[in-house]
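A.B. asks: Quick one: structure below, then a few questions.
The values are calculated or read from the model by the stated rules, or taken from the named source; none is laboratory data. Just so it is clear, the structure is predicted and the values come from calculations on it, not from any experiment. Cβ: placed from backbone, ideal geometry, glycine included. Neighbour counts: every protein chain shown. When the accessible area is computed, the model is the full protein with side chains, heavy atoms only, and any ligands, DNA or RNA have been set aside. Shrake-Rupley method; radii C 1.70, N 1.55, O 1.52, S 1.80 Å.
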Amino acid sequence: MTIDPLLTLASFGIGIVVGLTGMGGGALMTPVLVLFFSIPPLTAVSSDLVASAVMKPVGSYVHLRRGTVHLGLVKWLCIGSIPGAFSGVLIARSFGRGEDVQNAVRLALGIALLLAAFGLIVRAYIRMVEHARRRDGRAAPLSQERPDVVLRPWPTVILGALGGIVVGLTSVGSGSLIIIALMVLYPTLTASQLVGTDLVQAVPLVASAALGHILFGDFKLELTTGLLLGCIPGVWVGAHLSARLPGGLVRRALAFVLLASALKLLGLPNMETAVTLIATLLVAPVIWMLVRRHYGYPALSRARWREQA
């Protein structure tokens, strides 16, 4: 078995980002494999999902012990996500074999990354609005007790099914797209409960998608082993750094990287890609600061970056 040391080093860096933010595993790993290591898209998705299936239970165990998981919500999500994830693999295979399936997965991955980048922005905006409401006394203060959550079974099952299909197709979404939808469906969940619930429901979701890719995808053992050798220590390092580094800044940088990856995967020419990214760098910070000023926040200090993370 031959393991590429550069690939393991890259997965170590991605593991640090995952440990820092709780997001970005599949959203970063798969495009890195495709764009920088020339791994076929279906192979990248298959190996990344199997690696994620090994790593997810670790963080889930921690959240279960801390009591930051809404198990009723996990149940309804899994009813939709487990068959949805397996179906995503079959949908990918329905495009045929060879270049057809690789192009289909590449297109789906590009679209999923665009949605993930947008989701990060929406998540930051929702959190800023919540902070502003609490600051102005227009929302109940944070409580250490579990908030009352009224379960909405059918919307939750549909969310799980759609999220599962996206994960099965692209390996993206279990830690980014689904958590954004949960914030909208269940606004009374605390941040820690959102993360814990999303992480626990992602375990069977990713396991289902990984099984589908082992059976019908293009799983490579040596590639997955190289990813795990880098990611596992990377996540550990990132988790310890998360108390010291501004997570909000990391997430904004991650959104920019996801945008750049999505544009390349969607086949946008280099010149158009460069113009789009430069325009984003110039315009997005101005818009964000105007939005912050609208809610009464000054320019971000380091403390504010952490608060808005």
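A.B. asks: Inside region 176-217, can you point out the residues that are surrounded by 24 or more Cβ atoms within 10 Å (Cβ to Cβ), part of a loop (DSSP other than H, G, I, E, B) and either hydrophobic (A, V, I, L, M, F, W, C) or in contact with a Gly (Cβ under 6 Å, 6 or more places away or on another chain) (or both)?
C.D. replies: Matches in region 176-217: S176 only.
A.B. asks: Next question, about the same structure. For region 113-169, give me the residue count where each residue is among the hydrophobic types (A, V, I, L, M, F, W, C), open to solvent by 70 Å² or more (accessible area, probe 1.4 Å) and either at pLDDT 80 or above or over 24 Å from V69 (Cα atoms) (or both).
C.D. replies: 7
Conditions tested, residue by residue: (1) open to solvent by 40 Å² or more (accessible area, probe 1.4 Å); (2) at pLDDT 80 or above; (3) assigned to a helix (DSSP H, G or I); (4) not aromatic (F, W, Y).
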site	(1), (2), (3), (4)
T2	yes, no, no, yes
A44	no, yes, yes, yes
V54	yes, yes, yes, yes
G84	no, yes, yes, yes
G88	no, yes, yes, yes
R97	yes, no, no, yes
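A.B. asks: From the list R244, R252, which one is at pLDDT below 85, in a loop (DSSP other than H, G, I, E, B) and of a type in the set (D, E, K, R)?
C.D. replies: R244
A.B. asks: Pull out all pairs, ordered by first then second residue, where Cβ-Cβ is under 7 Å, the residues are six or more apart or on different chains, the first lies in region 212-233 and is at pLDDT below 90, and the second is buried (at least 18 other Cβ atoms within 10 Å of the Cβ) and not in a helix (DSSP H, G or I).
C.D. replies: Pairs found: D218/P40.
A.B. asks: Between a residue in region 83-104 that is touching a residue at least 40 places away in the same chain (Cβ under 8 Å) and farther than 14 Å from V172 by Cα and any residue that is among the aromatic types (F, W, Y) and in a helix (DSSP H, G or I), which pairs come within a Cβ distance under 6 Å, given they are 6 or more apart or on different chains?
C.D. replies: Going by the 6 Å Cβ cut-off, the qualifying pairs are R93/F216.
A.B. asks: Hey, another quick one. Can you pull out every residue in region 184-229 that is farther than 30 Å from I91 by Cα and among the small types (G, A, S)?
C.D. replies: A191, S192
A.B. asks: Can you confirm whether H70 is within 21 Å of the chain's Cα centre (by Cα), over 20 Å from G226 (Cβ atoms) and of a type outside the set (A, V, I, L, M)?
C.D. replies: For H70, the condition - within 21 Å of the chain's Cα centre (by Cα), over 20 Å from G226 (Cβ atoms) and of a type outside the set (A, V, I, L, M) - is met.
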